[in-house]
Amino acid sequence: MMGTCTQRNKRNRELRRRRQQLVRSSKLKISTCPDIVRTLRRGAREELHKNSAPYKWILPWTRDIFYRYEPRIYPAASLLGLPMELQQKILLNTSTPNLFEELRGKSLRRWVGILSSVAPLIRLNMVYVKGVWDKQMAELDTAKASQKTAQLSKNSECLKSLGFGTPAPYTTKAVVGSEVKIKRKQKRVRDQKCWYCEQRHHSADPLCPPARENPDLWKKLSKPRRAKRGTPQTSSVNVFQGKKVKFEDQD
């Protein structure tokens, strides 16, 4: 019995000594001073710009229609070698009646931009083609409006023939002396782009998203930088980072 107690005490002393050693080696130092603000290194910033460059379309011909246009003679058996009238007729036929009804607003402008990026000469012809398409679009809208008006008049005549009177126009009951406030939908404002991490996040967020998502990678890609006073976006905060230690006597 005495030998069992002695072995148990010895084992407990060894576990207590090992626990104290682990505690001494893994002391946590929590500082009350703010950390130094970190910003991306030059190489990491250039790599981000290089990866995002293919997705940024630059269309210089939107301001200068003669951008990179040089008069030259093209082969007769090519599209650019045809007379200008035939080129414009071919471009007009690229939009079928069904497709023309589907192309509205942004879709029509996008289609014009796609055709304009084929060649500078095609871009010059698209000026005339777009004018024709805009005119056809206006005529189509006018025809639809007149057709709708004719249908409404036809419906009212049918109601009269069945013995129903002309429906009274819809009116709202307004109370004298009352004010009606119209709620306008607020326009969503995009968050500003942070210079330190090249991402968009709320300016009140004291920590950049990469520093929160992957702190180790953020330290490799960034370097310390002093923050300006009074700027919430550039200030940094201490993020507690600990490591769980499990002892042998704990289940």
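For the condition assigned to a helix (DSSP H, G or I), modelled with pLDDT under 90, open to solvent by 80 Å² or more (accessible area, probe 1.4 Å) and within 30 Å of Lys220 (Cβ to Cβ), Pro34 does not qualify. Determine, yes or no, whether Gln186 is open to solvent by 60 Å² or more (accessible area, probe 1.4 Å) and modelled with pLDDT of 80 or more. For Gln186, the condition - open to solvent by 60 Å² or more (accessible area, probe 1.4 Å) and modelled with pLDDT of 80 or more - is not met.
What about Ala204, is it in a loop (DSSP other than H, G, I, E, B), open to solvent by less than 70 Å² (accessible area, probe 1.4 Å) and at pLDDT 75 or above? Against the criterion (in a loop (DSSP other than H, G, I, E, B), open to solvent by less than 70 Å² (accessible area, probe 1.4 Å) and at pLDDT 75 or above), Ala204 qualifies.
In the range 85-107 there is at least one residue that is modelled with pLDDT under 85, assigned to a helix (DSSP H, G or I), of a type in the set (D, E, K, R) and open to solvent by less than 100 Å² (accessible area, probe 1.4 Å).
The values are calculated or read from the model by the stated rules, or taken from the named source; none is laboratory data. Just so we're clear, the structure is a prediction, and the values are computed from it rather than from any experiment. Here Cβ is always computed from backbone atoms with ideal geometry, including for glycine, and neighbour counts include all displayed protein chains. The area values use the complete protein model at the heavy-atom level, side chains included, leaving out ligands, DNA and RNA. Shrake-Rupley method; radii C 1.70, N 1.55, O 1.52, S 1.80 Å.
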